[in-house]
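Undergrad: Here's a structure for you.
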Amino acid sequence: MTTAEETKQQVYIRVGHHYVKTIGCHGVLGGRSFECPVDTAFNSKGLIYVAGRAETTPRVTIIDIDENFHGEFGTPGAGGDGQLRWPGGICIDSDDRVYITEQHTQKVNVYDESGGLLERWGRYGSERGEFKEPTGIVFDADDNMYLADAGNHRVQKFTKDGRHIAMWGGKGSGEGEFIMPWGIALDGEGNVYVSDWGNNRVQKFTADGEFIMEFGEAGDGKGQFRRPSGVSVDRGGDIYVADWGNDRVQVFDPKGVYQLKFTGDASLSKWGLEIILGSPDFARERHRATLEPERSLWRPNSVQVDSEDRIIITDTSRHRLQIYQKESVAVDADWLDLENPKRELQFR
């Protein structure tokens, strides 16, 4: 029999963040390097799948948080055999199958965990279940997929085998309307967050598409966006938005109130260090260079948060990942006045 103490809801309160590491370096030949990474996803074994969309070398690189390389898949092309042309988003279902949206072929490619193609579904169009430049994708707890159908300015919901369930949206700037929605994420209650790229805002909906709230506007100040792309929500309800055009990631509380930003803290990755150690001339030139700009984010396309509150920023134009750690404490929900933002924020 459970006691009242055992059934109390826990709330995770943010107390800080710290930079952890950088993973990756620029490389067009595959292996332990990235070329224009655009999104990441995690499987149940702790592996990170990084989707890159370089024009000549689109591929998925498989790594772990310790920077170990576990393989790659995808060859340039628009046909079968797992080829990739222009990946938009990546996610993984409960069986560790990997799903990638293809903006060029207007399809969803489905792979096994090693990169073997299992199926492809979808087609170009604006009717129910059809796509125009699909981008962000995410699975809910029941393995239903939410997909940002950017060119059709809407969100669509499918089963994992491609059966259409629902859709909402349409081109515009009103509540529930979009201009090229890009990233999509879910919170712990199943609510849907969409980065509304063309409207410079984030919108929040119920699982059935009912509008809840929005935040953001055009600009480069706190809480403003210039073409927001990726979005993610951690277990404490904090919302992370890849502010693509402003070269930063912004963090908001569950009510959409601005809290802080990441602009980049990159250090040399393990892979990059190995390259430099193998080239003395490169090492000498790097030592003489002014490296401060190298720390900064440059066109971050995606941000994801894993189950341990690690924040993985896809630093697209610098061809790497920047990793941060959220520090939080768990408290009983009744310790906070969730209806009073001022009281809540003094603990954040």
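The values are calculated or read from the model by the stated rules, or taken from the named source; none is laboratory data. Owing to the predicted nature of the structure, the values given are computational and were not obtained by experimental measurement. With ideal geometry, Cβ positions are generated from the backbone for all residues, glycine too; neighbour counts draw on all protein chains shown. Note: areas computed on protein heavy atoms with side chains; ligands, DNA, RNA excluded. Shrake-Rupley method; radii C 1.70, N 1.55, O 1.52, S 1.80 Å.
Undergrad: Please verify whether the range 294-317 includes one or more residues that are in a helix (DSSP H, G or I), modelled with pLDDT under 85 and either acidic (Asp, Glu) or surrounded by fewer than 17 Cβ atoms within 10 Å (Cβ to Cβ) (or both).
TA: yes
Undergrad: Further question on the same structure: Give the residues of the range 120-131 that are within 20 Å of Met180 (Cα to Cα), of a type in the set (D, E, K, R) and open to solvent by 60 Å² or more (accessible area, probe 1.4 Å), sorted by residue number.
TA: Residues satisfying the conditions are Arg123, Glu127, Arg128.
Undergrad: Now, a different point. Hey, any hits in the range 148-166 for a residue that's at pLDDT 95 or above, of a type in the set (A, V, I, L, M) and under 19 Å from Ala51 (Cβ atoms)?
TA: Checked the range 148-166: at least one residue is at pLDDT 95 or above, of a type in the set (A, V, I, L, M) and under 19 Å from Ala51 (Cβ atoms).
Undergrad: Let me ask something additional. Could you tell me which residue of the range 244-268 is most open to solvent (accessible area, probe 1.4 Å), considering only residues that are small (Gly, Ala, Ser) and in contact with a helix residue (DSSP H, G or I) (Cβ under 9 Å, 6 or more places away or on another chain)? Please lay out each step first, then the result.
TA: As a first pass, look at the range 244-268 and keep what is small (Gly, Ala, Ser): 245, 256, 264, 266-267.
Of the ones still in play, those that are also in contact with a helix residue (DSSP H, G or I) (Cβ under 9 Å, 6 or more places away or on another chain) are 264, 266-267.
Details: Gly264: 12, Ala266: 9, Ser267: 54 Å².
Checked the range 244-268; the qualifying residue most open to solvent (accessible area, probe 1.4 Å) is Ser267.
Undergrad: Give the range 220-251 a look and list any residue that's under 14 Å from Val194 (Cα atoms) and either out of contact with any Pro (no Cβ under 6 Å at 6 or more places or on another chain) or of a type in the set (Gly, Ala, Ser) (or both), or say none.
TA: Restricting attention to the range 220-251, the residues satisfying the condition of being under 14 Å from Val194 (Cα atoms) are 225, 227-233, 239-243.
Within the range 220-251, Phe225, Arg227, Pro228, Ser229, Gly230, Val231, Ser232, Val233, Ile239, Tyr240, Ala242 qualify.
Undergrad: Somewhere in the range 111-119, is a residue open to solvent by less than 20 Å² (accessible area, probe 1.4 Å) and farther than 30 Å from Ser328 by Cβ?
TA: Yes; the residues of the range 111-119 include at least one that is open to solvent by less than 20 Å² (accessible area, probe 1.4 Å) and farther than 30 Å from Ser328 by Cβ.
Undergrad: To continue, here is another question. Would you confirm whether any residue within the range 208-230 is touching a Ser or Thr at 6+ places or on another chain (Cβ under 8 Å), β-branched (Val, Ile, Thr) and within 24 Å of His17 (Cβ to Cβ)?
TA: Within the range 208-230 (the criterion being touching a Ser or Thr at 6+ places or on another chain (Cβ under 8 Å), β-branched (Val, Ile, Thr) and within 24 Å of His17 (Cβ to Cβ)), the answer is no, since none of the residues qualifies.
Undergrad: While we're on this one: Got at least one residue in the range 25-48 being without any contact (Cβ under 8 Å) to a residue 40 or more places away in the chain and either small (Gly, Ala, Ser) or buried (at least 17 other Cβ atoms within 10 Å of the Cβ) (or both)?
TA: yes
Undergrad: Within the range 178-189, track down each residue that is closer than 17 Å to Asp306 by Cα and either among the hydrophobic types (A, V, I, L, M, F, W, C) or open to solvent by 20 Å² or more (accessible area, probe 1.4 Å) (or both).
TA: Ile184, Ala185, Leu186, Asp187, Gly188, Glu189
Undergrad: Can you name the residue in the range 136-177 that is of a type in the set (S, T, N, Q) and in contact (Cβ under 8 Å) with a residue 24 or more places away in the chain and is also least open to solvent (accessible area, probe 1.4 Å) among such residues?
TA: This residue is Gln156.
Undergrad: Here's another thing I want to ask about it. Counting just the residues of the range 63-89 that are at pLDDT below 85 and on the phi > 0 side of the Ramachandran plot, which one comes out most open to solvent (accessible area, probe 1.4 Å)?
TA: Asp81
Undergrad: Still on this structure: Would you mind telling me which numbered condition in (1) assigned to a strand (DSSP E or B); (2) surrounded by 14 or more Cβ atoms within 10 Å (Cβ to Cβ); (3) at pLDDT below 95 Val15 fails?
TA: Among (1) assigned to a strand (DSSP E or B); (2) surrounded by 14 or more Cβ atoms within 10 Å (Cβ to Cβ); (3) at pLDDT below 95, Val15 violates only (2).
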